[in-house]
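The values are calculated or read from the model by the stated rules, or taken from the named source; none is laboratory data. Bear in mind the structure is a predicted one, so any value in this text is a computation, not a measurement. Please note: Cβ atoms are built from the backbone with ideal geometry, for glycine as well, and neighbour counts cover all protein chains shown. When the accessible area is computed, the model is the full protein with side chains, heavy atoms only, and any ligands, DNA or RNA have been set aside. Shrake-Rupley method; radii C 1.70, N 1.55, O 1.52, S 1.80 Å.
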Amino acid sequence: MAGHLDGKVVLITGASSGIGEATARLIAEQGALPVLAARRIDRLEKIAKELDGALSIQADVRDPKQVHHLVETTMKHHGRIDVLINNAGQGLHLPFEQVSLADLVAITELNFYAPLVAMQAVVPIMRERGGGVIVNVSSGSSRMVLPGVGTYAATKAALNMLSLVAREELAPDGILVSLVYPSVTATEFHEKLRAGSMGSGGGGLTPHSPRYVAEAIVRAILTGEAEVVIPHGPERPEEMEIPDSEA
Ligand SMILES: NC(=O)c1ccc[n+]([C@@H]2O[C@H](COP(=O)([O-])OP(=O)(O)OC[C@H]3O[C@@H](n4cnc5c(N)ncnc54)[C@H](OP(=O)(O)O)[C@@H]3O)[C@@H](O)[C@H]2O)c1
């Protein structure tokens, strides 16, 4: 389906703030029908009210049952899912010696298991319709050796490998799987770390705007390219080029 967003049903996890919210707003501008998922339903409903055709569904994506319920509710409402954006995520910014297993389990459930379960839930739907697009939001930290963020980066590195393999496995079905790697972005992420602090990794870089990362996500949807890597600061790069949505 790479090529246009008009009327496309796009399910976005973690749409209550930051990159997910900015992506919901951008795709709605481009004519898509966003389905917003997160735990804070009050925020989702407020955002959805401002966007034509948007639907909000409360889901804690660490719970596989709630992921399946999210997909089933979207299907009941729209009858199809054209794009899945696995964006919900949380950081854990501590040297590995200080990381508790409980915290690592929690972010692994969110950053790795949840996208896996969501992909498993939407793939049969997309396959039946002859194709679809999945965008998994990773992190630039998974492409570096960055002391202080090793366990967080490891959850994203696992997501990278899963996504690259899924891309190969799903190619015959016309389902495109892409990865987007944000660099430091100005969102609530840095205040909502599972443990640790921003000083442990990524400090000193000029943050990108969530809108800029949303543009990278839309670019991945429209081009179907395997990986969109957002450059690191300190200089803010030129505005991202989004391909013509009617192309
Ligand atoms: N900001 C950065 O510097 C940066 C850099 C690289 C990669 N990233 C990645 O970008 C993605 C988006 O992060 P962001 O920067 O936009 O951070 P954010 O503003 O904190 O957004 C995180 C989103 O995830 C949702 N979420 C968290 N736990 C959830 C759960 N259990 N179930 C459902 N939703 C959940 C949050 O909603 P609720 O709390 O309402 O559930 C929120 O909407 C993440 O995958 C992150 O790892 C961010």
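The label point for Glu191 and the one for Glu29, both projected 7 Å from the Cα toward the Cβ, are 2.4 nm apart. The label point for Glu225 and the one for Gln120, both projected 7 Å from the Cα toward the Cβ, are 3.2 nm apart. The alpha-carbon positions of the chain define a convex hull whose volume is 109 Å³ per residue. A simple charge model with +1 on the Cβ of Lys and Arg, -1 on the Cβ of Asp and Glu and nothing else charged puts the dipole of the stretch 89-190 at about 220 debye relative to its Cα centre.
Compute the helix-to-body angle for 150-170: its Cα long axis versus the longest principal axis of the chain, expressed 0 to 90° and rounded to tens. In the chain, helix 150-170 runs at an angle near 30 degrees to the longest axis. Residues Arg143, Arg194 ordered from highest to lowest accessible area at a 1.4 Å probe: Arg143, Arg194.
Listed by chain and number, the lysines placed with their C-alpha closer than 28 angstrom to that of Lys8 are Lys46, Lys49, Lys65, Lys76, Lys156; residues fewer than eight positions away on the same chain are left out.
For the stretch 13-89, the Cβ-based charge dipole about the Cα centre amounts to some 180 debye (Lys, Arg positive; Asp, Glu negative; other atoms uncharged). Relative to the longest principal Cα axis of the chain, at what angle does helix 210-223 sit, 0 to 90 degrees, rounded to 10? Its long axis makes an angle of about 50 degrees.
Between His77 and Asp6, full extension at 0.36 nm per residue minus the direct alpha carbon distance yields a gain of 23.8 nm. A simple count of charges around Gln58, restricted to other residues whose Cβ falls under 14 Å of its Cβ and scoring Lys, Arg +1 and Asp, Glu -1, yields +1.
Each residue, Lys46 and Asp173, gets one label point 7 Å from its Cα in the Cβ direction; the gap between the two is 3.8 nm. Would you mind checking the tilt of helix 18-29 against the longest principal axis of the Cα atoms of the chain, expressed as 0 to 90 degrees and rounded to 10? Helix 18-29 sits at roughly 20 degrees to that axis. Over the stretch 1-148, accessible surface divided per residue gives 44 Å², non-protein components excluded, 1.4 Å probe. Magnitude of the charge dipole for the chain, about its Cα centre and with charges confined to Cβ atoms of Lys, Arg (+1) and Asp, Glu (-1), is about 560 debye.
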